[in-house]
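The values are calculated or read from the model by the stated rules, or taken from the named source; none is laboratory data. Values in this document were obtained by computation on a predicted structure and should not be read as measured data. As a convention, Cβ positions derive from the backbone with ideal geometry for all residues, glycine included, and neighbour counts pool all protein chains shown. Calculation scope for accessible area: heavy atoms of the full protein, side chains included, ligands and nucleic acids excluded. Shrake-Rupley method; radii C 1.70, N 1.55, O 1.52, S 1.80 Å.
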Amino acid sequence: MAKKIIIINGPNLNLLGKREPEVYGKQSFEDYFTLIKNAYSDVELHYFQSNHEGELIDKIHEVGFIFDGIIINAGGLTHTSVALADALSSVTSPAVEVHISNIHAREAFRHHSYLTSRCKGMIAGLGLKGYEFAIRYFL
Ligand code: CA2
């Protein structure tokens, strides 16, 4: 049976490809998602983005007992949200944290993530490729 994997993106990641291309690249997430969906056609790959913390938590609860993997880039909430960390702890699906930029090469406030300890691992700084590497981990 096809593995069910979801990519969950948090606040402002809907702007990918539209703003700050020097940090986050030129590609929109929708275009990238089409590419990986085609490349991994044997996977049931889902995508959810929200700018709202509660919606992200609701999505984790919804998929977190059914899916084989959660790939999460919580955007700025990475560095602030105990509630998102608790949501990841409260479900059974394993999660991998992804960041497009290298958060450890940026401002000090980006160096700490509330999510990393609740995840199998964390990929940062490899651009959008990080999402693909996370898919491959789950496979
Ligand atoms: O590098 C990442 O993936 C981040 O999670 C991105 C977050 C940032 O707060 C984290 O520290 C690291 C910011 C997402 C904002 O995304 C934008 C994309 C394009 C244009 C403007 C913002």
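Here are the numbers for the structure shown:
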quantity: Residues located in the stretch 37-54, provided they are over 14 Å from the mean Cα position of the chain (by Cα) and either at positive phi or not in a loop (DSSP other than H, G, I, E, B) (or both); calculated: LYS37, ASN38, ALA39, GLU44, GLY54
quantity: GLY75 on the phi > 0 side of the Ramachandran plot and under 14 Å from the mean Cα position of the chain (by Cα); calculated: yes
quantity: Residue among ASN38, ASN51 that is open to solvent by 70 Å² or more (accessible area, probe 1.4 Å) and in contact with a Pro (Cβ under 6 Å, 6 or more places away or on another chain); calculated: ASN51
quantity: Matching option when the condition is crowded, with 18+ Cβ neighbours inside 10 Å and out of contact with any Cys (no Cβ under 8 Å at 6 or more places or on another chain), among ALA95, ALA108, ALA124, ALA83; calculated: ALA124
quantity: Where a residue in the stretch 28-39 is closer than 13 Å to ASN14 by Cβ and its partner, wherever it lies, is open to solvent by 70 Å² or more (accessible area, probe 1.4 Å), with Cβ under 9 Å and at least six apart; calculated: SER28/LYS18
quantity: Failed condition for GLY75, given (1) in contact with a Gly (Cβ under 8 Å, 6 or more places away or on another chain); (2) open to solvent by 30 Å² or more (accessible area, probe 1.4 Å); calculated: (2)
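Rundown of residues vs (1) in contact with a Leu (Cβ under 6 Å, 6 or more places away or on another chain); (2) under 24 Å from LEU139 (Cβ atoms); (3) of a type in the set (Val, Ile, Thr); (4) modelled with pLDDT of 95 or more, yes/no style:
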{"position": "ILE6", "(1), (2), (3), (4)": "no, yes, yes, yes"}
{"position": "ARG19", "(1), (2), (3), (4)": "no, no, no, no"}
{"position": "VAL23", "(1), (2), (3), (4)": "no, no, yes, no"}
{"position": "TYR40", "(1), (2), (3), (4)": "no, yes, no, yes"}
{"position": "HIS46", "(1), (2), (3), (4)": "no, yes, no, yes"}
{"position": "SER50", "(1), (2), (3), (4)": "yes, no, no, yes"}
{"position": "GLU55", "(1), (2), (3), (4)": "no, no, no, yes"}
